[in-house]
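The values are calculated or read from the model by the stated rules, or taken from the named source; none is laboratory data. Remember, predicted model here, so these are calculated numbers, not experimental data. FYI the Cβ positions are ideal-geometry reconstructions off the backbone, even for glycines, and counts take in every protein chain you see.
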Amino acid sequence: MAQEGTASIVRELMDEPHVEGHRVSVRHLHEQVEGRDLAPQTVADRLGLDVADVYRALAYYHDNPEEMHAVTRRRERRIEASRDRGAVTGPDDL
C-alpha cells in the first residue's frame, strides 16, 4: 500500500510501468539512478517526485526482471523500426 504523498507503480497511461500520476517510467528511473549513477534524491528532485517513488520504481524494476527486459526489447524494436523509416530518434540521426 502506498504511503500518503507517494505513488504506486501503474500501467494506466503508457505501455510500460510508470509512477502513478506521472509520465516517468520505471525504466527511465532505473537508467538515471543505476545507469548514470545519479543519487535517488537528485533524480526525485529533478523530476518532481518523492524520493520514495524513485526507490519504489527501483524495487519494481528488480522485482520484475522478465517484464523489464521485455519492456527494453519492445523499446529497442520501436527505435529500430523508426530508424528504418528514416525517423530521427536521437542526436546520432541528425
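Points worth noting:
- When restricted to residues that are under 27 Å from Arg78 (Cα atoms), free of Cβ contacts under 8 Å to residues at least 24 places away in the same chain and in a loop (DSSP other than H, G, I, E, B), segment 1-37 contains 9.
- Condition check for Asp37: under 13 Å from Ile9 (Cα atoms) and acidic (Asp, Glu): no
- Selection of segment 61-75 for residues being part of a helix (DSSP H, G or I) and within 14 Å of the chain's Cα centre (by Cα) yields Tyr61, His62, Pro65, Glu67, Met68, His69, Ala70, Val71, Thr72, Arg73, Arg74, Arg75.
- Scanning segment 47-67 for residues that are more than 17 Å from Gly21 (Cβ to Cβ) and not hydroxyl-bearing (Ser, Thr, Tyr) turns up Leu58, Ala59, His62, Asp63, Asn64, Pro65, Glu66, Glu67.
- Criterion (out of contact with any strand residue (DSSP E or B) (no Cβ under 6 Å at 6 or more places or on another chain), surrounded by 13 or more Cβ atoms within 10 Å (Cβ to Cβ) and of a type in the set (D, E, K, R)) met by exactly one of Arg36, Arg27, Arg77, Arg23: Arg27
- Of all residues making up segment 41-60, the number that are part of a helix (DSSP H, G or I), buried (at least 19 other Cβ atoms within 10 Å of the Cβ) and more than 11 Å from the chain's Cα centre (by Cα): 4
- Matching entry among Arg27, Arg74, Arg11, Arg23 (being of a type in the set (Lys, Arg) and at pLDDT 95 or above): Arg27
- Residues (touching a residue at least 12 places away in the same chain (Cβ under 8 Å) and either farther than 15 Å from Ile9 by Cβ or aromatic (Phe, Trp, Tyr) (or both)) located in segment 49-79: Tyr55, Tyr60, Tyr61, Thr72, Arg74, Arg75
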